Structures are given as structure tokens and as C-alpha cells.
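Everything on this sheet refers to the single structure shown next.
The values are calculated or read from the model by the stated rules, or taken from the named source; none is laboratory data. Being a predicted model, the structure only gives us computed values, none of them experimental. All Cβ positions, glycine included, derive from the backbone under ideal geometry; neighbour counts span all protein chains shown. Only protein heavy atoms, including side chains, enter the accessible area calculation; ligands, DNA and RNA are left aside. Shrake-Rupley method; radii C 1.70, N 1.55, O 1.52, S 1.80 Å.
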Amino acid sequence: MKIKLKKADFSDIEFLWHLRNSQPEVFRFFQTNRVIEWQEHVSWIMPIILGLNEKRLFVVCQNKTPIGQVRFDAKENQQAVVSIAILKEFQGRGVGKAALKLLIKQTKKAGMKTLLAEIHQENIASQKLFEKLGFALKGQDGVWGKYYLVI
């Protein structure tokens, strides 16, 4: 499946809000595991789009149609926290793996050396996905497994 990453911009705000809130079976594994109100979403996403913080957000597109998002939050010591969300109808088709491979390339371009994915202990699909790409479980913080990849 051919996909591309597009840096999120103003035209993506509504799609990303929909993606975040439309799949309770997915957002139950997020650290903020509730519906996000529109204004809260806008307040969170605007600094990212404007480049005012260390978060980088990309829309996953297939044939120019948005089907998900990946992001990384740059931290100290050339480390980044990475995450992914794909529309339910596109899950299980290799989209997540392809999108994460592209995200890893983006993190390398940004000078990151270590990636961290914090994955809920019940989110077996994400655990398997990240492990396929070389991430290894290196610790646990409550229900959150800490999966690392040195790039």
C-alpha cells in the first residue's frame, strides 16, 4: 500500500479531531483516553502547526486522502516520543508499518537518535507493530510499556 506523510497544516485540523475522537476502541489506549472537545483540540494543535514547540505532526495519506497520523515529540538528548493513529478501516493492511517507517526517516532528519513509544499494556496490536520495526520493551510505568529504538 503506497502512502505518504504530509506535514499537518490548517486544512487538517478537522480530520485530526475526527480521527482522535471517532474511534473509542483506539483512544482508550491513549494517555488522555476520553473525547477531546473542539477548543481543546485547537489549543493543542495550533502551536504544532505554527512550529512553536518540539512536536512534529504528519497526516498519513493514501492517494491524497487522509487516513491517519503519526507524530514525534522531540525531547532532550536527541530522543523523541513517537505515536500513531490510523483509521479503523485501514488497520491491519500494513499502513501503520509503512507510516512508522516514514516517521523514523523524519526523526533521523531531525537529528533524533533514540525513539520511545509508550504503549498501553493491553494494546497488543501496537506492541507487535513497533516490535516488527525493531522497538524493544525496556521498562514499564504502570500500564505503559516503554518501547525503545536506537536509530
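Annotation: Glu25 carries an accessible surface of approximately 80 Å², with a 1.4 Å probe and no ligand, DNA or RNA atoms counted. Excluding the site residues themselves, the longest part of the chain lacking any trypsin sites (Lys or Arg not before Pro) in a DSSP loop with at most 10 other Cβ atoms within 10 Å is 65-151.
Note on Thr32 and Asn53: their simple-model spin labels are 0.8 nm apart, each label 7 Å out from Cα toward Cβ. Taking the alpha-carbon centroid of each part, what is the distance from segment 63-81 to segment 120-134 in angstrom? Here the two parts' Cα centres lie 16 Å apart. Annotation: amide H of Ile3 has no partner in the under-5 Å range at sequence separation 5 or more or interchain, hydrogens built in the peptide plane.
For the chain, the per residue solvent-accessible surface stands at 57 Å², with DNA, RNA and ligands left out and a 1.4 Å probe. For segment 10-133, the C-alpha radius of gyration divided by 2.2 N^0.38 Å, with N the number of residues, is 1.02. For Ile151, the residues whose amide H sits under 5 Å from its own are Thr114, Leu115, ignoring neighbours fewer than 5 places away on the same chain, with H placed 1.01 Å from N. Applying the Karplus relation 6.51 cos²θ - 1.76 cosθ + 1.60 with θ = phi - 60° to segment 57-63 yields 3J(HN,Hα) values of 10, 10, 8, 7, 10, 10, 6 Hz, where x marks Gly and Pro. Pairs of C-alpha atoms in segment 93-133 farther apart than 11 Å represent 68 percent of all such pairs. Of all the accessible heavy-atom surface of the chain, with the other protein chains kept in place and a 1.4 Å probe, what percent is carbon and sulfur? Looking at the chain in its full context, I get 51 percent from C and S. Please list, or write none, the lysines whose alpha carbon is within less than 26 Å of the alpha carbon of Lys108, excluding same-chain residues fewer than 8 places away. The qualifying lysines are Lys2, Lys4, Lys6, Lys7, Lys55, Lys64, Lys75, Lys97, Lys128, Lys132, Lys138, Lys146.
Largest first, the three principal axis extents of the alpha carbons in segment 1-58 are 33, 28, 20 Å in whole numbers.
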